[in-house]
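Bear in mind that the values in this text are calculations on the coordinates, not laboratory data. Just so it is clear, the structure is predicted and the values come from calculations on it, not from any experiment. Here the Cβ is made from the backbone with ideal geometry for all residues, glycine too, and neighbour counts use every protein chain on show.
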There are 2 protein chains.
Amino acid sequence: MSEEAAARPGNLLANLPQNVPEELTEILASGSGLRVERIVSTGHRSPDDFWYDQHEREWVLLLQGAATLQFADPPESIDLIPGDHVDIAAHRRHRVESTSATEPTVWLAVFYQD
Amino acid sequence: MSEEAAARPGNLLANLPQNVPEELTEILASGSGLRVERIVSTGHRSPDDFWYDQHEREWVLLLQGAATLQFADPPESIDLIPGDHVDIAAHRRHRVESTSATEPTVWLAVFYQD
């Protein structure tokens, strides 16, 4: 056996804030046309009548907590539990209808291009 | 309120196989220079003296189970628990030293380019 150094990797679920004034966004990896982010929500939701309308595609995975995503055209609501993932087409309007009020909600978002 | 259809998204942790002869790989999203995969291991490890040597970068997140990644140059071993993530540079040789023998290990791997 070779001599090996011990190392601790980063952890997306450790040391979560219990209450932040705004959603907490951290870029985990980025490359050509690609960005991986962790987003922590503590009860946050999109303002009424606000819609995200993004030029990038977004693949999103719920890691912890709970959330409801709302989509326009066609109207659709999706309740998310840990492990759930959704691929959001560019310019498909969507908003965060709700996130858990009782524990931090942790999202993994991969923004990418066709 | 508009009338909204109910929908269930895919879930990366549901209906996991308990024992598969080879690691199970599923492409979840792909785009320009980008591929997101779920990999399920049930006790799998890389063969002795086998090293992955990839032309793409790989950002990997352990979602469930446990694993040890081994790296060459410099030699390093990293134990992974759920939530742990590691960014592996292109051509940094690595192998899976072990995955949990008692439950399925679920990886999320994002292959991308600088």
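Which far-off residues, 5 or more places away or on another chain, put their amide H under 5 Å from the one on A:Gly65, with H placed in the peptide plane? Those lying under 5 Å, H to H, from A:Gly65 are A:Val106. Each label was represented as a point 7 Å from its Cα along the Cα-to-Cβ direction; for B:Ala90 and B:Tyr52 these points are 1.6 nm apart. Other protein chain C-beta atoms within 10 Å of residue C-beta, averaged over B:26-32: 5.
Please pull out the direction-averaged projected area of the protein assembly as shown, using the convex hull of its alpha-carbon atoms, in nm² to one decimal place. The directionally averaged projection comes out at 13.5 nm².
Across the identical copies, the label point of A:Ala14 (7 Å from Cα in the Cβ direction) is separated from its matches by 3.1 nm, in order from shortest. Using Cβ point charges alone (K and R +1, D and E -1), the dipole size of segment A:24-112 about the Cα centre works out to roughly 200 debye. Comparing A:Ala67, A:Ala90, A:Ala101 along the charge dipole axis of segment A:62-109, the residue lying farthest to the positive side is A:Ala90, per the Cβ-charge model. When A:Pro75 is represented by a point 7 angstrom out along its Cα-to-C-beta vector, the spacings to that point in the other copies are 6.4 nm, nearest first.
Sort out for me the Cα centre separation of segment A:38-54 from segment B:16-61, rounded to whole Å. One Cα centre to the other: 32 Å. The same position A:Asp114 in the other copies lies at 3.0 nm from this copy, comparing label points 7 Å beyond Cα toward the beta-carbon, shortest first. The GNM of chain B, with springs linking C-alpha atoms under 10 angstrom apart, assigns the highest mean-square fluctuation among B:Asp48, B:Asp79, B:Asp87 to B:Asp48.
Listed values for segment B:53-58 are Karplus-derived 3J(HN,Hα) couplings in whole Hz (6.51 cos²θ - 1.76 cosθ + 1.60, θ = phi - 60°), namely 9, 9, 7, 9, 6, 9, and x replaces Gly and Pro. Cα-based values for chain B, radius of gyration first and Dmax second, are 15.9, 60 Å. Label point of A:Asp79 set 7 angstrom out along Cα-Cβ; within segment A:93-114, amide nitrogens under 15 Å from it belong to A:97-101.
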